[in-house]
């Protein structure tokens with residue numbers, strides 16, 4: 001699907017409840033500029049009539065937009081999914097290419113991460129959470 005063929009108002013940035021700005025590919029004008037369109041997001045998946053599981057994914061936000069469904073407005077993000085993320089030594093995560101494009105709820109975006117490309121691999125740079133989930 002081409003981005004130009006989608007007829008809607010596209011947004012380049014999203015402000016989270018914490019006050020952080022998460023960008024998208026639409027904001028990228030200079031290749032050497034800091035890229036904050038790379039995100040970590042969580043999706044609730046129901047597989048084979050089992051109990052739903054929360055899956056963690058990484059991707060690059062292409063743009064945001066507002067979608068109205070049955071009178072309720074939702075902010076959605078069009079994301080380019082990081083394909084086949086591998087966990088290596090020292091919890092280092094890598095992938096070699098981007099995969100499918102998918103629509104996700106903007107509320108499922110948990111934080112910005114960094115993608116660092118060396119040769120044919122992308123390394124995911126993720127700052128650890130400041131507080132543990134127990135608090």
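The numbers here are math on the coordinates, done by the rules we state, and not lab data. Everything numeric in this text was worked out from a predicted model, so none of it was measured. Counting neighbours? That spans all protein chains shown, and the Cβs are built from the backbone with ideal geometry, glycine included.
Take each of the peptides 105-111, 63-69, 73-79, 84-90, average the number of other beta-carbon atoms within 10 Å over its residues, and list them starting from the highest.
Ranking, from highest mean packing down: 73-79, 105-111, 63-69, 84-90.
Say R0 is 35 Å: what FRET efficiency, to the nearest 0.05, do residue 117 and residue 42 get from their beta-carbon distance?
0.90
Of the listed peptides 51-60, 37-46, what is their order by residue-averaged count of other C-beta atoms within 10 Å, with the highest listed first?
Result, highest mean first: 37-46, 51-60.
If each residue's Cβ is checked for other Cβ atoms within 10 Å, how do 119, 91 rank with the fewest at the top?
Final ranking by Cβ density, sparse to dense: 119, 91.
Answer rounded, prolate or oblate for the stretch 51-135, using the Cα gyration tensor with square roots of eigenvalues a ≥ b ≥ c: rounded when a/c is under 1.5, else prolate when a/b is larger than b/c, else oblate.
Oblate shape, in that a/c is at least 1.5 and b/c is the bigger or equal ratio.
Expressed in nm to one decimal, what extension gain is obtained for the pair residue 105 and residue 83 from 0.36 nm per residue of sequence separation less their Cα-Cα distance?
This chain segment gains 6.0 nm when fully extended.
Report the label-to-label distance for residue 67 and residue 51 in nanometres (one decimal), using points 7 Å from each Cα along the Cα→Cβ vector.
2.8 nm
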